[in-house]
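Trainee: Can you keep this structure in mind? I'll have questions shortly.
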There are 2 protein chains.
Amino acid sequence: MKRIVLFGTGNVATHLFEAYNNSANYKIIQVYNHASTSLQHFKDEVEITTDLDEITPADIYILALKDDILAKVSQKMKETDALVLHTAGAVSIEVLNKFKNHGVFYPLQTFSKHKKVNFTKIPICIETNTIANTIILKELASEISGKVFEISSEQRKSLHVAAVFVSNFVNFLYTEGEKICNNNQVPFEILHPLILETASKAINMGPKDAQTGPAKREDQEVINSHLEFLNEEQQNIYSLLTLSIQNLHGKEL
Amino acid sequence: MKRIVLFGTGNVATHLFEAYNNSANYKIIQVYNHASTSLQHFKDEVEITTDLDEITPADIYILALKDDILAKVSQKMKETDALVLHTAGAVSIEVLNKFKNHGVFYPLQTFSKHKKVNFTKIPICIETNTIANTIILKELASEISGKVFEISSEQRKSLHVAAVFVSNFVNFLYTEGEKICNNNQVPFEILHPLILETASKAINMGPKDAQTGPAKREDQEVINSHLEFLNEEQQNIYSLLTLSIQNLHGKEL
């Protein structure tokens, strides 16, 4: 049984806590946070602390902290031989260089605090400073997920950028779609099956082959009639993405 | 038993043919297409024709044709008392004005020829020229789908524009995400669960509440480091969408 101390009480920390709560091979023995309020949620189940000097000895320390707090906390932490991990997509492994054994444990998913997640299908990207640590981390990640990938800091950065495109920006386009529906007294619900099928097709066929629409088929009449329908900000987005689709697919001709 | 003649052999026509094939209340008695090649697929199951003068009398004519062919075919068709419908998202009901009974039967989904669809969950947007025809069309649509909506031509146009945002443009962002992964030797597969969860969250929470990411939290350090990572076209898209997200969510403050 390996002992884990969890740092942080945010979305990732909370979901990790639940994921390892039923494990036979790992036990979270302490949760640290700089503020005590959010620790109350954990206090009936595990030892809690707000003091970095009171961190319990353990085999693994998981720092599930915000990017800016991560560097500060790791600086203040005492030296240890435990494997020290962070969970941040956009932060290099080097931020933990002061620890003899260190690595990254990055679960790639969009977490909401009150929505249960099925960790078994969430990809976990791992990176460590030694082969021995990689073996330890791979075991840790495989305990909760069937999809563990060895990913370097540079690759992780590219994943983080790509995730902004396929998640944050995609979600913004959903928001624009909903706005257009609302402005025309059309229930957004009508678009729900299309949203799900578009995601599913991109995964099954690959997004490049799945591309359809007036931009791809260069249907200028439909494009013009759509532009007339939109406000200036939407027109800018529509024009830029239409042009980019045509640049990408025009090259095939 | 109502008799249907189906015009067209494309994705929508093919899926409609299969959807009504097992119906007890409707029977497709003929399929028309201007070219004979694509009709061969249907010839063992139903009467086929390439001649508009040989259209069989029926109760309902469904014109599942491309936007530009639709007007031409409806002009050439003989007068009829049958209910004449088109399936085009971007075309007004008025294109069928010459027919006494006419309407629109628009299934809102992205169809691929070789991927089976479950019509029961596909929204069908309907519009007709009389209340009596609306009742007939509602029955026809409800035969295959549990989600039938009365939608005007103007509303349908807004849906069509919104669909470009939530499907065509979203798919393009998936393509960019895949490109970034490929350029960095990262399997795009790692992003699949995120893509599905993003779609699912937008549907369950509403996309505006589901927005996350560096743009929303105004994390300029991450934004700058992402921009350095991208080519010029990607930078333009990243900057415009980041600004739009900040315009939308900044207003809340």
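Trainee: Just to confirm the filter: which GluC sites (Glu not before Pro) across segment A:19-62 are DSSP coil and have at most 12 other Cβ within 10 angstrom of their Cβ? Kindly include the intermediate steps, with their values, before the conclusion.
Mentor: Numbers: sites: A:45, A:47, A:54; in loops: A:45.
Hits after loop and neighbour filter: A:45.
Trainee: For residue A:10, enumerate residues with amide H under 5 Å from its amide H, sequence gap 5+ or separate chain, H modeled in the peptide plane.
Mentor: The list, which skips near neighbours in sequence, is empty: none.
Trainee: Project the alpha carbons of the protein assembly as shown onto their principal axes and report the range along each, largest first, in whole Å.
Mentor: Per principal axis, max minus min of the Cα coordinates gives 88, 44, 41 Å.
Trainee: Can you compute 3J(HN,Hα) from phi for each residue in segment A:88-102, using the Karplus curve 6.51 cos²θ - 1.76 cosθ + 1.60 with θ = phi - 60°, rounded to whole Hz and x for Gly and Pro?
Mentor: Per residue, the Karplus-derived 3J(HN,Hα) values read 8, x, 9, 10, 5, 5, 5, 4, 9, 4, 5, 8, 4, 10, 8 Hz.
Trainee: Work out the FRET efficiency for residue A:25 and residue B:217 from their Cβ-Cβ distance, taking R0 = 25 Å, and round it to the nearest 0.05.
Mentor: Calculated transfer efficiency: 0.10.
Trainee: Additional query: What is the set of long-range amide H partners of residue B:149 at a cut-off below 5 Å, with H atoms built 1.01 Å from backbone N?
Mentor: Correct list: B:124, B:125, B:126.
Trainee: If you line up the long axis of helix A:170-183 against the longest principal axis of chain A, both from Cα atoms, how many degrees apart are they, to the nearest 10?
Mentor: That helix lies at roughly 50 degrees to the long axis.
Trainee: Then there is this: By DSSP, what percent of the beta bridges with both residues in the protein assembly as shown are antiparallel, rounded to the nearest 5?
Mentor: Working: 10 of 58 bridges.
Roughly 15 percent of the beta bridges in the protein assembly as shown run antiparallel, per DSSP.
Trainee: Return the long-range amide H neighbours of residue B:88 (sequence gap of 5 or more, or a different chain), with a cut-off of under 5 Å between placed amide H atoms.
Mentor: Those qualifying (amide H under 5 Å, at least 5 residues apart or on another chain) are B:105.
Trainee: Between residue A:18 and residue A:139, what length in nm is gained on full extension when 0.36 nm per residue of separation is reduced by their alpha carbon distance? Provide the component values of the computation, followed by the final result.
Mentor: Values: separation 121, 0.36 × 121 = 43.56 nm, distance 1.75 nm.
Taking 0.36 nm per residue and subtracting the Cα distance, the gain is 41.8 nm.
Trainee: So what J values fall out for segment A:210-224 if you push phi through Karplus, 6.51 cos²θ - 1.76 cosθ + 1.60 with θ = phi - 60°, rounded to Hz, Gly and Pro as x?
Mentor: Karplus-based 3J(HN,Hα) across segment A:210-224 equals 7, 4, 9, x, x, 5, 4, 8, 6, 8, 5, 5, 5, 4, 4 Hz.
Trainee: Another question, then. Going by a ≥ b ≥ c, the root eigenvalues of the Cα gyration tensor, does segment B:2-151 fall in the rounded group (a/c under 1.5), the prolate group (a/b larger than b/c) or the oblate group?
Mentor: In terms of gyration-tensor shape, rounded.
Trainee: With +1 on each Lys and Arg Cβ and -1 on each Asp and Glu Cβ, how big is the dipole of chain A about its Cα centre, in debye rounded to the nearest 20?
Mentor: With only Lys, Arg, Asp and Glu charged at Cβ, the dipole is about 580 debye.
Trainee: Right, next: Within the set B:27/B:138; B:27/B:116; B:76/B:138; A:216/B:157; A:201/B:121; B:43/B:115, which residue pairs have Cα atoms separated by over 25 Å?
Mentor: In this structure, B:76/B:138 exceed 25 Å between Cα atoms.
Trainee: Could you calculate the FRET efficiency of residue B:69 with residue A:114 from 1/(1 + (r/R0)^6), where r is the beta carbon distance between them and R0 is 41 Å, rounded to 0.05?
Mentor: The pair residue B:69/residue A:114 has a calculated efficiency of 0.20.
Trainee: May I pose another question? Just to check I understand the Karplus step: with θ = phi - 60° and J = 6.51 cos²θ - 1.76 cosθ + 1.60, what whole-Hz values come out for segment B:2-18, glycine and proline as x?
Mentor: Listing the rounded values in order: 8, 9, 10, 10, 9, 9, x, 9, x, 4, 5, 4, 4, 5, 5, 4, 5 Hz.
Trainee: I would also like to ask the following. If you place +1 on the Cβ of every Lys and Arg and -1 on the Cβ of every Asp and Glu, how big does the dipole about the Cα centre of the protein assembly as shown come out, in debye to the nearest 20?
Mentor: 720 debye
Readers should treat all values here as calculations from the given coordinates under stated rules, not as data from a laboratory. The model shown is predicted, which means the values in this text are computed figures rather than measured ones. Here Cβ is always computed from backbone atoms with ideal geometry, including for glycine, and neighbour counts include all displayed protein chains.
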